[in-house]
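Each remark here refers to the structure printed beneath this line.
The values are calculated or read from the model by the stated rules, or taken from the named source; none is laboratory data. All of these numbers come straight from a predicted model, not from anything done at the bench. Counting neighbours? That spans all protein chains shown, and the Cβs are built from the backbone with ideal geometry, glycine included. Remember, those area values only see protein heavy atoms, side chains included, never the ligands or the DNA or RNA. Shrake-Rupley method; radii C 1.70, N 1.55, O 1.52, S 1.80 Å.
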Amino acid sequence: MSAIAQYPSSFSVRDLELKLRQVRLAHPEQSLPSPPSSDSESSSPQQEIEESYFLRSLKECLAIYEEPSRARTESLSLLSDEEVIMLANNGNIATYALEKLFGIDQLKRAVRIRRAIISRASSTGTLESSSIPFENYDYSRVLGACCENVVGYIPIPLGVAGPLAVDGKQYPIPMATAEGTLVASTSRGCKALNAGGGVTTVLVGDGMTRGPAIDFPSAIQAGEAKAWIDSDDGHEILREAFESTSRFAKLKSLKTAIAGRTLYVRFATTTGDAMGMNMISKGTEKALEAMQKRFPEMVVLALSGNYCTDKKPAAINWIEGRGKSVVAEAVVPGHVVRTVLKTTVRDLCNLNVKKNLMGSAMAGSIGGFNAHAANILTAIFLATGQDPAQNVESSMCMTLMEPTGPNGEDLLVSVTMPCIEVGTVGGGTVLAPQQGVLDMLGIRGAHPQQPGQNAQTLARIIASAVLAGELSLLSALSAGHLIKAHMAHNRSQVNTPAASVPVTPGAGLASRV
């Protein structure tokens, strides 16, 4: 074989770039510096490509970067990725500020360079060449809104359960999850609910909350402030200040409590189609400014004093509600319970009492009177751009079952969820894939005629999907299908072959129930 035959017939510019990069990283002392000349802007594209193959010295790169006659964005465009990395490692460029320095048109390059910097500084050095994707993503939607120090994105499988009839309208149920059987089993629950005419929902409350902690010199003064807030005059002054910050923020209630000389005030407000944390925080801050004019000695310790309560289990949320409070109800015919769910109304009702009600009470649960509401809710949260940390209170749920109809042959089932915290504008809903899911549901963005209706519809869909998931899992437990379904659908096919086929496909759900 000739020497020429050992090499590929074509050798692209990209191949050359990679080879030269390997050489200069292995032998940086052999790299040929090629700083741009004073008239570099008039150099040919080919010359710029060739110059980018060689790593210039730190001094030269710093001179290019700090040239006062150019904007930093323009100076960075004259440097190769490796040269920018060198400046960052030397402390001349802040890694967290790459997007700001590169500008809106070079966001992907900023992410690529950050990956390299972090990778080379880590003990494993795997990030730069890892399978964590970063191409083909609109980082302009992330910048200043969703995440910092971005190095890519994490794809999660998106499945669709259903459709499910909710208040007379069919909805697909979008679920982003890595848990096998979850979508399949929720679909089985949807089938059973649809057979009985679908789900009916009732919105019993709508109000996001914020509960600041306020210190006073003494308990007496804290008590005076509490009495003022509870009075008509105090309430009106705080309401006017609060509502001046947004046309959507309408103060619904003020709940006060005292511990020693610290006063807690729980503001509750409607927030339109936004989940509303930013909106209510802004309004609360304005109301406290008005309150301080009356009580100048007060000290606001924290805008959130954990009396809200956000992202933590709390009885006040379970009792008072937070976000959207929804009840979803359905009647499942007895023959559907037997043929689709493979169990009986009597067995389901008994299991629900012993597991969801008595078992949760024995565990001292707060709002955990359900089988796995968090499974379905979190999957929909991820798919629709909600804050997944708010599943802590949003998945609070009580599942109830009782016989109904002639001779108790049919099943009346409901879920009560007082704290579904969702929105269709702001937060993760600005991301394109999540917007696509909201489009699929017909609730993207703000409702044009009735502010808040889109977010309320999403809450109704979530509660109805939770109802489907509860019905299916409890049926699987009652019929003894859970383990078989997980062996078939929720085991790694790479490491462990499927051991069995469930009696009812998709009957089993999460192993953590």
### Task
Kindly list the number of the only condition in (1) under 30 Å from K286 (Cβ atoms); (2) among the basic types (K, R); (3) free of Cβ contacts under 8 Å to residues at least 60 places away in the same chain that fails for K255.
(3)
### Summary
Residue hits (the range 89-115; loosely packed, with under 15 Cβ neighbours inside 10 Å and of a type in the set (D, E)) are D105
### Task
Out of I132, I118, report the one residue that is open to solvent by 40 Å² or more (accessible area, probe 1.4 Å), touching a residue at least 12 places away in the same chain (Cβ under 8 Å), assigned to a loop (DSSP other than H, G, I, E, B) and hydrophobic (A, V, I, L, M, F, W, C).
I132
### Query
If you go through the range 161-177 one residue at a time, do you hit one that is touching a Lys or Arg at 6+ places or on another chain (Cβ under 7 Å), open to solvent by 50 Å² or more (accessible area, probe 1.4 Å) and at positive phi?
yes
### Summary
Checked against (1) without any contact (Cβ under 8 Å) to a residue 24 or more places away in the chain; (2) farther than 30 Å from P217 by Cα, A328 satisfies every condition except (1)
### Query
Mind checking whether some residue in the range 312-325 is at pLDDT below 95, closer than 24 Å to T416 by Cα and touching a Lys or Arg at 6+ places or on another chain (Cβ under 9 Å)?
no
### Message
Residue pairs, Cβ under 7 Å, 6 or more apart or interchain, first in the range 445-464 and open to solvent by 20 Å² or more (accessible area, probe 1.4 Å) and among the β-branched types (V, I, T), second at pLDDT 95 or above and assigned to a helix (DSSP H, G or I). List them.
### Response
none
### Query
With (1) assigned to a strand (DSSP E or B); (2) out of contact with any Cys (no Cβ under 8 Å at 6 or more places or on another chain); (3) open to solvent by less than 20 Å² (accessible area, probe 1.4 Å) as the list, and Q390 as the residue in question, which single condition is left unmet?
(1)
### Task
Tell me which of these P36 doesn't satisfy, since it passes every other one: (1) in a helix (DSSP H, G or I); (2) crowded, with 16+ Cβ neighbours inside 10 Å; (3) at pLDDT below 95.
(1)
### Members of the range 132-159 found to be under 30 Å from S187 (Cα atoms) and β-branched (V, I, T), listed by number
I154, I156
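A quick yes/no check of all residues on (1) assigned to a helix (DSSP H, G or I); (2) at pLDDT 95 or above; (3) more than 20 Å from the chain's Cα centre (by Cα):
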residue	(1), (2), (3)
G423	no, yes, no
T429	yes, yes, no
Q434	yes, yes, no
G445	no, yes, no
A455	yes, yes, no
L473	yes, yes, yes
A498	no, no, yes
### Task
Report, ordered by the first and then the second residue, all pairs with beta carbons closer than 8 Å, sequence separation of six or more or different chains, a first member in the range 207-218 that is closer than 16 Å to E320 by Cβ and at pLDDT 95 or above, and a second member that is in a loop (DSSP other than H, G, I, E, B) and basic (K, R).
G207/R322; M208/R322; T209/R322
### Query
Pairs under 9 Å by beta carbon, first residue among the aromatic types (F, W, Y) in the range 406-421, partner crowded, with 23+ Cβ neighbours inside 10 Å, six or more apart or different chains?
none
## Note on the structure
When every residue in the range 326-372 that is among the aliphatic types (A, V, I, L, M) and under 28 Å from the mean Cα position of the chain (by Cα) is compared, the one most open to solvent (accessible area, probe 1.4 Å) is I366
### Every pair of residues 6+ apart whose Cβ atoms lie under 7 Å, when the first sits in the range 280-304 and is under 22 Å from E421 (Cα atoms) while the second is in a strand (DSSP E or B) and open to solvent by 40 Å² or more (accessible area, probe 1.4 Å)
none
### Task
Only residues that are among the aromatic types (F, W, Y) and in a loop (DSSP other than H, G, I, E, B): list them for the range 237-276, please.
F248
